[in-house]
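Single-structure report; data block below.
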Amino acid sequence: MASTQKPIGVALIGCGRVSDAHLGAITSQPEKGRLVAVVDRNPELARAAAERFGAEHACASIDQAMKIPEVEAAIICLPNHLHGEASIQCLNAGRHVLVEKPMADDYATTVAMGEAAEAAGKVLAVGQSRRHGSAIRYVQDHLESFGELRAIQASFCMYWDGPQAPWWAERTAKDGLVLSLLGSHTIDFVQMMLGKHPLRVHAEATRLRDCWSAEDEAMILIRYPQNKMATVHLSYNQQPFFERYHLLFDTSIVEVRDVNMVLVNNEVVHAPAEEATLLVTNELFKNQFAEFAAACHGLPNRSALHPHGIALMRVIDAALESSLANQTVAMRW
Ligand SMILES: NC(=O)c1ccc[n+]([C@@H]2O[C@H](COP(=O)([O-])OP(=O)(O)OC[C@H]3O[C@@H](n4cnc5c(N)ncnc54)[C@H](O)[C@@H]3O)[C@@H](O)[C@H]2O)c1
């Protein structure tokens, strides 16, 4: 089936840190995608990316890329506060969109993005890259066999020596830092396993270092229907890298380690295909692009589509609100 699909013509928008992972994912799967254009407001970055990955067009604006008829889809790798406007512009121009995580900076913007996707009849997927790791797929595919899931303990803790892009330093406590940037990955996992509609969210957040203005350490407690609960620990202060999801079933404990190893009751049942101690691994982005291409063709896929992304954003918003107000947020769906 996949081999008969026409490759999707893609414009990649924002040639910064994460862009090479997407560009590699497109160009290493020519049967799924064709890199038509790269866009950056910095023309040097666009030109260099076009040369490295063989894009036909290097553009300085989204407007310019939307005039190219071969562009059928946009992958948006801009700073978070630009995700909403850029996605809506591309959807209104009749393109499918894969927007980097977090989907936007607030729930209201994600709702407007979803409305634009539905009006255009196009795919809007969110780049929740970590859900595309082989371990998380393994757990999804075997979920029924582990028993009844009662609780999840999730930790995504790592160290950055300071802002990794200039816009990180500008994020305020209201915008969120670790809750938004890492929380989007970790809460995505919890929502995939426990459902989209939690009842209550409580978060505590703090800032341990002065190199940024927003929180760099957070703990979240999420209550789901049917007496299910999750805790999420997020940190930019932790060495070495520590990413673990413990799923507590009634008769077994499943552990996802570094996105690609699974242990059941301490026995390895799924081992990594490649070292996954880095934040960005090729496997995640390749799988993610393949799923997005399938979605664009109307085929079954594992993309984080906009209804999931909107619910996820609402939980991130609730965590931010809870941490700033020092109180639990009750969710109304
Ligand atoms: N999935 C992951 O694991 C992962 C990893 C890293 C980053 N991200 C996400 O990717 C997105 C980009 O992050 P980054 O670290 O690559 O940022 P970055 O700052 O390195 O790159 C952003 C690029 O966008 C360009 N840009 C800014 N405004 C523009 C505009 N109006 N028009 C055209 N170009 C513009 C900048 O020149 C820059 O090159 C963020 O949303 C981030 O959260 C995801």
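Just need log10 I(q)/I(0) for the chain at q = 0.08 Å⁻¹, Debye formula, equal scatterers on the alpha-carbon atoms, no solvent, rounded to two decimals.
-0.36
Under a 1.4 Å probe, what is the accessible area of segment 179-305 per residue, stated in Å²? Please report the intermediate quantities before stating the final value.
On the way: 5430 Å² over 127 residues.
Dividing the accessible area of segment 179-305 by its residue count gives 43 Å².
Taking the Cα centre of the chain as origin, sum charge times position over the Cβ atoms of Lys and Arg (+1) and Asp and Glu (-1), and report the length of that vector in debye to the nearest 20.
Details: 29 positive and 38 negative charges, 105 e Å.
About 500 debye.
With viscosity set to 0.692 mPa s and temperature to 37 °C, compute the Stokes-Einstein D of segment 201-315, Rh being the Kirkwood radius across alpha carbon pairs; µm²/s, no decimals. Don't skip to the end; give the middle numbers.
Numbers: Rh = 17.2 Å.
In µm²/s, the coefficient rounds to 190.
Across the chain, how many lysine pairs, 8 or more positions apart or on different chains, have C-alpha atoms separated by under 24 Å? Please give the number.
So the count works out to 17.
On the full set of protein chains, 1.4 Å probe, figure out the accessible area of Trp167 and give it in Å² to the nearest 10.
Per-residue accessible area (Trp167): approximately 60 Å².
What whole-number volume per residue, in cubic angstrom, does the convex hull of the C-alpha atoms of segment 1-152 give? Numbers along the way, then the final one.
Values: hull volume 22.0 nm³, N = 152.
Convex hull of Cα atoms, per residue: 145 Å³.
Run the accessible area of the chain with a 1.4 Å probe and give the carbon-and-sulfur part as a rounded percent.
Details: 7240 of 14180 Å².
For the chain, the apolar C and S fraction of the accessible surface comes to 51 percent.
For segment 185-265, treating each Cα as an identical point scatterer without solvent, what Debye log10 I(q)/I(0) comes out at q = 0.12 1/Å?
Result of the Debye calculation: -0.42.
Report the convex hull volume per residue for segment 118-232, counting only C-alpha atoms, in Å³. Could you put the intermediate results ahead of the total?
Working: hull volume 18.3 nm³, N = 115.
For segment 118-232, the hull spanned by Cα atoms encloses 159 Å³ per residue.
Taking the Cα centre of segment 109-216 as the origin, how large is its charge dipole in debye, to the nearest 20, when only Lys and Arg (+1) and Asp and Glu (-1) carry charge on their Cβ atoms? Provide the component values of the computation, followed by the final result.
Numbers: 11 positive and 13 negative charges, 23 e Å.
Dipole size: approximately 100 debye.
Roughly how far apart, in whole Å, are the Cα centres of segment 183-242 and segment 7-51?
31 Å
Which value does Rg/Rh take for segment 5-76 over its C-alpha atoms, Rh per Kirkwood?
On the way: Rg = 10.7 Å, Rh = 11.6 Å.
Here the Rg-to-Rh quotient is 0.92.
Calculated from DSSP H runs of 4 or more alone, at -39500 (n - 2.57) each and per residue, what is the 222 nm mean residue ellipticity of the chain, nearest 500? Don't skip to the end; give the middle numbers.
Working: 11 runs with 114 residues, N = 333.
Only helices count here, giving -10000 deg cm²/dmol.
Farthest toward the dipole's positive end in segment 185-276, which of Cys211, Met261, Val232, given Cβ charges of +1 (Lys, Arg) and -1 (Asp, Glu) about the Cα centre?
Highest projection toward the positive end goes to Val232.
The values are calculated or read from the model by the stated rules, or taken from the named source; none is laboratory data. The structure presented is a predicted model; accordingly, all values stated were derived computationally and were not measured. Neighbour counts are summed over all protein chains in view; Cβ atoms, including those assigned to glycine, are modelled from backbone coordinates with ideal geometry. Surface areas here come from the heavy atoms of the whole protein model, side chains and all, with no ligands, DNA or RNA. Shrake-Rupley method; radii C 1.70, N 1.55, O 1.52, S 1.80 Å.
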